[in-house]
Amino acid sequence: MKTYTKALLLIAAFLFGSAGVALAEDGDPIRVTFRVNTSTVADTLSGDGAVQLRGAVNGTEFVDEDYFGQNVNWGSSSITANHVSGDYWELELLMAPGDQLQYKFRAFHDLENEVGAGFNDGWEADPQGGGNYVFTVPEDATEDIVTDLLYFAGLNAPRQAPFEASEEGFVAVHFRVNVGARVATSQFDPDGDAVVGVRGAYNDVTGQVEYKFVIDDGAGNIQWEDGADKVFFAPAADSTLRWGFFNGERPPSGEVITAEVEFQANVSLLESLGYFNRGIGDQVAVPGAFNGWDSSTPMTYDEGEDIWRASFELTREVGSNIPFKYFIIWDESRFDSSSPNYIPNLISGNGWEEPGTFGGGDRLHEFGAGEVQVAAGDFGGDIGFFNSIPEQGLITQDGTGSETYSVTFPLDMTNALTHEEPFDPENHEVFLVVETPIFGLTQNLSVGDDSPGLNDPAQRDRLRFSRVGNTNMFELDLEVLLPTENHFGFRIAYGPEEGPYVFNGGGFDAGRRYYRYVEPELVLDDLTIWPEGGFTLDEIVWVAEDLDFPAPPTYGLGEGDRPVIFNDFPLDGFQTTFALNREVQPVNANHFYSGTIYLPLNGTSIGDGTINETPREIKLSQNYPNPFNPTTNINFTLPENVDVRLDVFNVLGQRVATLANGTYTAGMHTVQFDASRLSSGVYLYRLQTGNTTISKSMMLVK
């Protein structure tokens, strides 16, 4: 038996290279390249898996394990193939003319732990007649050999392509998808009439194919995959597309249950803007992966809670995520320019929310173990606010003291200088591309697919950034029309004045665009106060993709279930009722009611739980009633005799009244404020005593 030393093989590698066809001298090894396609493996083998050739060579023994990765055997240390792409794998062996290899391929999910992929722990099926597959190097071989493409022998299948070869002038592309998750969760019955298929478009000029897998019941009910279309270019020869899980969903490995899941939506901000009116026919829908993203079936309005509700019976794996969004079904009159309900710039079908909390991507509800569930809402609660913005996120004239509000967008374009289509600060313009439709409506901006605003010179001028000196920093000072939302979703475009433009971001998932927020200064029950004079957003750093979206303000709603706080139910001299809850009494006739008010810690609390009725510090209470017209009462409490001044200011900081100015005794005092000569709006009242100053806000509504 011949033995080739490592030195000899290194010389051969130097002379002949590590790939391609090379002539062999008498007695030199032949390099044999095996090519295998695993689209026929009866399992979902991924590129993170492994394919080994296991067997034995009858003939020359090549002692070159370290350099060539030789060592063919029937165990786990046998030669491992390289993953080329998709379903395609390759490996190389050194053999001599006349040598014979008996072998089989074996596929693994986890090679280290020998977790096989397929019906037979990853082994290929036997060839016809049983035994192993055999490859023999011809006795007269003088060149390296590349085998024909070998298809992994699947269950009861020979080594052949899983498709009929194409005819002349055509090319075959083999699709494969795993719908096990949909079967396990009762979303698809493989014994029913629905079919699994592919929908897409083929560009016969570029050869590009865009597609998605679908489950079609033939009656118009189609389960689409979420996210962006899949894309490939037609190959030059028949080929396979590596399998994928339908919608990226793996078959469940945990508990699968059926539960009733309720969705709750609040659209109060849209109502305040005048873009939603249930009375004229506007409605809310909840499209999601559970209903084929149906945006035409409305939810049910709950008048008592002022929310929209919809429930679905879903069978899912516990811990899986359910994607969804809320959608506005605007009445047809909203698109009729002759109707009093008409909304300019409103685009039919553009009722999708674009919640900044999720980077513009889908909301996700984690399916729990309970038989009755409420879909995850915003701010830790159960209610989802459209665009994740509650009514407290409304910037108004009353909240700013002006008809417009200045918002500054600072932008660092440094990264764009080295982009594949580089930014030229001397010759290119930079524009803000607004992508949140509701904000666009409030600003009379065109918002939609293909960035229609860039076709409008007036809109370009309004959204054009200015360069800061000779730096890479740019700024846009946008005078925002009020009222509007405090939430901006956008991308950046640069290029010549009239294009073509380079855009960053895009797609369907989180990070498709930037999000920024104007941060409120003070949140009251019925009004939000915004920073005086305008607001500068967090710096925007240009990147090509994965644009950042910081967390939104809490708007005073906090995280978790919202507690009842002092400002909600002020215990304000018997002006407001704080309702207690009836306790469940399943056994006897007792009927108890109870409830909790969470008061701010103010220094009067006693460690043993008793209540201190003697004031220990200066306190200024919320006025009552609030809002008021035209009079309201203000209480303040003093621990000792002290000089007091109590003034009222408008939002511009101008003093409009002095309610107390003198020495007051210890205890509680009440003064009345008469605002009959003042206009509606927010007012601040401030108590000053020595080194202590306390301020609160109140609302006059006439």
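Nothing in this text is a laboratory measurement; each read-out follows from the coordinates by a stated rule. Since we're looking at a predicted model, the values are computed, not measured. Quick reminder, even Gly has a Cβ in these numbers, built from the backbone with ideal geometry, and neighbours come from all protein chains shown.
Which of MET668, MET473, MET95 has the fewest other C-beta atoms within 10 Å, and how do the rest follow up to the most?
Fewest-to-most ranking of MET668, MET473, MET95: MET668, MET473, MET95.
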request  = Output the Cα-based Rg and Dmax of the stretch 216-271 in Å, rounding Rg to one decimal and Dmax to a whole number.
outcome  = 19.0, 57
request  = Give the whole-number value, in cubic angstrom per residue, of the convex hull volume spanned by the C-alpha atoms of the stretch 619-700.
outcome  = 78 Å³
task = Please give the helix 6-16 orientation as an angle from the longest Cα principal axis of the chain, in degrees from 0 to 90, rounded to the nearest 10.
result = 80 degrees
remark   = Largest-first semi-axes in Å of the equivalent ellipsoid built from the Cα gyration tensor of the chain are 68, 31, 27
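Rank these for me by crowding, GLU225, GLU168, GLU260, going from fewest to most other beta carbons within 10 Å.
Details: GLU225 21, GLU168 4, GLU260 13.
Sorted ascending by nearby Cβ count, the order is GLU168, GLU260, GLU225.
Under a point-charge model restricted to the Cβ atoms of Lys and Arg (+1) and Asp and Glu (-1), what is the dipole moment magnitude of the chain relative to its Cα centre, in debye to the nearest 20?
Values: 39 positive and 104 negative charges, 423 e Å.
Dipole magnitude for the chain comes out near 2040 debye.
Would you mind calculating the gained length between ASP526 and LEU652 on full extension (0.36 nm times residue separation, minus the Cα-Cα distance), in nm to one decimal? Walk me through the numbers before you get to the answer.
Values: separation 126, 0.36 × 126 = 45.36 nm, distance 1.93 nm.
Additional length available on full extension: 43.4 nm.
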inquiry  = Quick check: residue separation of ASP548 and ASN635 times 0.36 nm, minus the Cα distance between them. What number comes out in nm?
reply    = 26.7 nm
query = How big is Rg to Rh over the stretch 447-536, alpha-carbon atoms, Rh as the Kirkwood inverse-mean-distance radius?
reply = 1.00
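On alpha carbon coordinates alone, what is the Rg over Rh value for the stretch 173-248, Rh being the Kirkwood radius? All intermediate terms of the calculation are to be shown ahead of the outcome.
Details: Rg = 13.5 Å, Rh = 13.5 Å.
Across the stretch 173-248, the Cα-based Rg/Rh ratio is 1.00.
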task = For an R0 of 25 angstrom, estimate the FRET efficiency from the Cβ-Cβ distance between ARG467 and GLU420 and round to the nearest 0.05.
result = 0.65
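Normalised by the number of residues in the chain, what is the relative contact order in percent for Cα pairs under 8 Å and 6+ residues apart? If you can, show how the numbers build up before the last one.
Numbers: 1451 pairs, mean separation 54.0, N = 702.
8 percent.
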ask   = Dividing the convex hull volume of the alpha carbon atoms of the stretch 93-186 by its residue count, what do you get in Å³ per residue?
value = 186 Å³
ask   = How many nm is it between the label spots at LEU155 and ARG278, if each spot is 7 Å from the Cα in line with the beta carbon?
value = 5.2 nm
ask   = How high is the relative contact order of the stretch 32-179, given as a whole-number percent (alpha carbon pairs under 8 Å, six or more residues apart)?
value = 31 percent
request  = Please report, to one decimal in angstroms, the Kirkwood hydrodynamic radius of the stretch 392-541 built from all distinct Cα-Cα pairs.
outcome  = 16.2 Å
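Once the piece of chain linking ARG250 and SER166 is laid out straight, how much longer is it, given 0.36 nm per residue of separation minus the C-alpha distance between them?
On the way: separation 84, 0.36 × 84 = 30.24 nm, distance 3.18 nm.
In short, 27.1 nm is gained.
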task = Would you order LYS212, LYS325 from fewest to most other beta-carbon atoms within 10 Å of each residue's own beta-carbon?
result = LYS212, LYS325
request  = Return a whole-number percent for the relative contact order of the stretch 619-700, with Cα pairs under 8 Å and 6 or more residues apart as the contact set.
outcome  = 35 percent
task = Determine, from the Cβ-Cβ distance of SER311 and VAL205 and an R0 of 51 Å, the FRET efficiency 1/(1 + (r/R0)^6), rounded to the nearest 0.05.
result = 0.60
note = If R0 = 22 Å, then ASN120 and THR147, at their Cβ-Cβ distance, give a FRET efficiency to the nearest 0.05 of 0.45
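Only helical DSSP H runs with n ≥ 4 go in: add -39500 (n - 2.57) per run for the chain, normalise by residue count and round the 222 nm mean residue ellipticity to 500 deg cm²/dmol.
It lands at -1500 deg cm²/dmol.
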message = Eigenvalues of the Cα gyration tensor times 5, then square-rooted: what semi-axes does that give for the stretch 256-388, in whole angstrom, largest first?
response = 28, 14, 13
